[in-house]
Each structure stands twice: as C-alpha cells, then as structure tokens.
1. Do we have residue 245 as in contact with a helix residue (DSSP H, G or I) (Cβ under 7 Å, 6 or more places away or on another chain), surrounded by fewer than 23 Cβ atoms within 10 Å (Cβ to Cβ) and not assigned by TED's automatic domain parsing to the domain that holds residue 50 here?
2. Which condition number does residue 204 fail, the rest of (1) farther than 30 Å from residue 350 by Cα; (2) part of a helix (DSSP H, G or I); (3) in contact with a helix residue (DSSP H, G or I) (Cβ under 7 Å, 6 or more places away or on another chain) being met?
3. Could you check the range 34-54 and list, in sequence order, the residues that are surrounded by fewer than 18 Cβ atoms within 10 Å (Cβ to Cβ) and under 28 Å from residue 337 (Cβ atoms)?
4. Looking only at the range 107-160, count every residue that is in a helix (DSSP H, G or I) and within 15 Å of residue 30 (Cβ to Cβ) and tell me the total.
5. If you go through the range 220-233 one residue at a time, do you hit one that is in contact (Cβ under 8 Å) with a residue 40 or more places away in the chain, outside the structural domain of residue 76 (by TED's automatic domain parsing) and not in a helix (DSSP H, G or I)?
6. How about the range 59-84: which of its residues are assigned to a loop (DSSP other than H, G, I, E, B) and crowded, with 21+ Cβ neighbours inside 10 Å?
7. Output the residues belonging to the range 477-522 that are under 28 Å from the mean Cα position of the chain (by Cα), surrounded by fewer than 19 Cβ atoms within 10 Å (Cβ to Cβ) and outside any strand (DSSP E or B).
8. Just a yes or no: is a residue in the range 26-47 assigned to a loop (DSSP other than H, G, I, E, B), at pLDDT 90 or above and under 18 Å from residue 194 (Cα atoms)?
C-alpha cells in the first residue's frame, strides 16, 4: 500500500492542477433512505456499523476527536467512519442539530482524521467522495465558503489519487466502490480525462465483480445488495450527465437484480450468509424497483453456488458453493483485499422459512466487531450445518480464509413438485480424511423437509469417524421444546404453526443460541443433533404437525406423537 501511495503521489505531482469549483458542477442526491434512530445515536456520539457501536465525536473542549485513529476501533468500523455513509442517517433525522453535527464531524475529519492511512485507502476515499456529493445540499450547500472550499479541495485531491491508481487492486466490492467514486468526482469537477479513464476500466470491473448468473464474487447476499446499489448509482450518474453507459452495465444490473431475489425469504429480507444481515424488506424492494429487476427468483445460481428449494409456503436457501478467492491484507491500511474478506465457514448450511416466518437460520454477522466476536459468528458452529470434531470447515483469518473447502459439488433433481439436493464439500479432508455430504428432500406440499448428513471417507480407512454435531439455529421468534421421548423437538412459529424436528442416529438437545440478523443481538435457541464417534450418518426430518392459534398455549408433547416418524430422505429420482 505504501508503494501504491508513493507512486500515486508521483503521478499526481506531474499532472496539471485541478480547478476546484465553488460547488459541484452537477447536483447529486443520495438514493437510499437513512435511519433516523442511528442518526439520533450519532448526535450522542455513537456510530453503529452492522450492529457494532463505538464512539464517533468531533473535538470538543479539552479532548480531541474520537473515531478516526487505529485505537478507536476495528478496521472495518473505522473504514465506515472515514467513509461518511452515515451522513444519510443524520439527514434522515433532518434537524438543525443533525446538520451541525455532520459539519462538525467533517471539520474534525479534515483537521484530524484525514491524515490516517485508512482514510486514504482508495475504497474508503471513494466512499467518502460519493457520500459528500450525495449529501452536498445537506452538508455544505448553506455552510460558510471556507468550509465548502476545504471539502472540495480535499475531494479533488482524493479523486486525483484514485483515478491515477486505477484499476483498483481489491478483488472485492471495494474495487467497484472505487470506480463509482472516481466517476462521481469526474462529473462533479468536470474532469473529462478522469471520466474517460474510469469508463475505460468499468466493463472489465463489472466482469470481475459479477458471475454470469448475476451473483457477486464475494458470495454474500448483503454485498450483492450493496453492489446492485452501486450499479444503480453509476447508471443514474452517467445518464444524468448525458454520458452513454457501456452495454455491460445494464446487463450486469439486470442479472444481479435477478440473483438478489434468490436470497429473499418470505418476509422480503435477506438470508444470512457470509457477513450478511437481513437489511429489511423495504430497502430490498426499493433497490429492486430502482434496478428495474423483474421476474421470479431463480432456483439456483450455478456459478455463485447457492440453491433455492421452494414448495407450498416453505422456502429453503442453501450455500452449496466453494468460498471465493483470497488475497493478502493491505499492511498499510489494514483492509483485506481478497473476495473472501467476509466469508464464513458455513459451507452447506441452509436457512428455512415458512411464509413470512423464519424458522431455521444462521446466526448472522458482526463484520465491524472485534476479531474474537466477529469470528465466533463466522465459525461453522454458528451455521445450520454439520460441525466435525468442533473444527471449522474453513480456517478463519483476519483477511479472509486460510484452509478452505476446495471442491464443493451439488446435484439437484426435481420430479412432480418434489425437490432433491445432494451436495458435498471437502473442507475437512486434509485434517480428517473425510468429506461432508448433505442430502435434502422437500416434499411437493412444502410440509416435509428431510435431510441426511453423512461423513464419507473417499479413501479406505480403518479409523473411526470423529464425533460430529448437526446444528439447526432457530430464529428468535421460534419457540422450541424438547419432546418427552428425547428424540425430537417441537417448534412453534409466530404464526401459530407447529413443526417437529426428529432424528435418528444422534442425540437431540435444545440449546441456547444468538441471532445477529438485525441491529441488536437477540437470544435464540438451536436444536443440536450430536453423533458419537464412529457414527457416520444422521437422518432427520422437519415436518408440519398442526396449526396453533396465535397466543394459544402449546399442547403437551405427548399429544403430538401421532406425527410421522422421521424417515430417510427419498431416493434420487430415476433419471429415466
């Protein structure tokens, strides 16, 4: 990173000075809604980033500003602070104190925060450029001349460095953010050469960011949502400036919008894979509307590696693909550069919802938290999948993943409304000499999901398979209770529906869990199937048992024993 910055400064020194206007050449408007609650917290000196809250305050009497320095928080949290996207939350609050707090923080950043290495990282500087321009009328339009001039001078300095350093080195969405910031600055400062340079790299970056099926390279529903927002902003920016957008942009936007639909549960919000959180149905609706994404959700993203099983009112979303490529961390800024920066060790995990009720979930994510807490949610045990010998299926590192599944295969069949998914991954092959195979069957009515988790040894071995657990994390709104016979658990959904999870080949327990799909951590439960060493197969079934009226007390477990016993997943359909 230091070499890049040094080369960038050398390039800048040889370029003609940028003429800084009194105001942006074109009016900008941020497209996305802010959160007034988060805005109110900012007035109290608290910045919330993906569920992590830390102090962000301008300098005051007797103390310097808080939030910009390395000691003030994890790198992901500080990158968000330096990126200024939180301006939309202050704007949503819409008060004079909110406007003044935005200016005070910007002044403090110019004086104190702007000198930090992280603030100068291309993706962070580009996010800040987009935020300043998108909220210019709120932040600076009515401010005093000196403040506006300082903002524009710094914006021009950052933009020149960004444009000169294109193409971006990061393999993740940060490279797309960098291009977006370069394009916005080129239009705002009326720099035709900058615009031409950024446009030259745009088609190649789109090809690098998105798979042919529309999925994003990071394999994260949350990052795909943000990437679609980036594409919409770039499209509107170019169209509003009278610039012909490359054809690749509209193709990428259409495909990515369709891919985003695969990750929506019945409540309209997103599934929780690889650093994602729910994000809220209203925002997802707005993004799909702005992106003009039409049609039904695809049933699979073949290149990205996700599968969607749907029947009746039941929906299952499964991670059936290999993790994305990694890359070394940038030592200067501390930012990861690989597409696996947010990856979890959750291969073959799944989520399940019935109508608008989420039932089986992953625990969520805290990407801006301290390492220990962040990695606890990245661990295999925080996902609804099999955990072998209390070992993660991928090695968790600060910059992404180390050891990881290299071969992930999925085979899908459908027949007369029934759906089968047979998937394997080799994440434990080097350590234990085995692969994990998961088979799912969803009945045509959607009232019966059956599964089989198997530990297979590809090569003959006399060693006994180590013990493993199959975990089913439940949404906090689901009430779970262990059956009296200890062979299953009863699950009551918020709608009043009753479901039962039963298993053979393992001990069934109900244990505590946690859910970070939204801003606040919530207590939850999980059903755990524990297999003893030497066991290689566990079969389970989740079936609907009866409707319980909202608010009604659940019947004793003994009254529900007429539900079908767990059975093996249906065999693969005959190809003939």
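The values are calculated or read from the model by the stated rules, or taken from the named source; none is laboratory data. Just so we're clear, the structure is a prediction, and the values are computed from it rather than from any experiment. Glycine also receives a Cβ, built like all others from the backbone with ideal geometry; neighbour counts cover every protein chain displayed.
1. On the way: in contact with a helix residue (DSSP H, G or I) (Cβ under 7 Å, 6 or more places away or on another chain): yes; surrounded by fewer than 23 Cβ atoms within 10 Å (Cβ to Cβ): yes; not assigned by TED's automatic domain parsing to the domain that holds residue 50: yes.
Answer is yes for this residue.
2. (3)
3. 53
4. Looking only at the range 107-160, we keep the residues that are in a helix (DSSP H, G or I), and these are 107-111, 113-115, 117-120, 122-134, 136-139, 145-160.
Retained after the next criterion (residues that are within 15 Å of residue 30 (Cβ to Cβ)): 126-134, 136-139.
Count: 13.
5. Residues of the range 220-233 that are in contact (Cβ under 8 Å) with a residue 40 or more places away in the chain, as a first pass: 220-223, 225-233.
Right, trim to outside the structural domain of residue 76 (by TED's automatic domain parsing) and you get 220-223, 225-233.
Restricting the remaining residues to those that are not in a helix (DSSP H, G or I) gives 220.
Within the range 220-233, one or more residues are in contact (Cβ under 8 Å) with a residue 40 or more places away in the chain, outside the structural domain of residue 76 (by TED's automatic domain parsing) and not in a helix (DSSP H, G or I).
6. Initial filter on the range 59-84 (assigned to a loop (DSSP other than H, G, I, E, B)): 59, 61-62, 64-65, 67-69, 73-74, 84.
If the condition is that a residue be assigned to a loop (DSSP other than H, G, I, E, B) and crowded, with 21+ Cβ neighbours inside 10 Å, then 65, 67, 68, 73, 74, 84 are the ones that fit.
7. 477, 494, 495, 518, 519, 520, 521
8. To start, the set of residues in the range 26-47 that are assigned to a loop (DSSP other than H, G, I, E, B) comprises 26-35, 44-45.
Now restrict to residues that are at pLDDT 90 or above: 29-35, 44-45.
Right, trim to under 18 Å from residue 194 (Cα atoms) and you get none.
No: zero hits.
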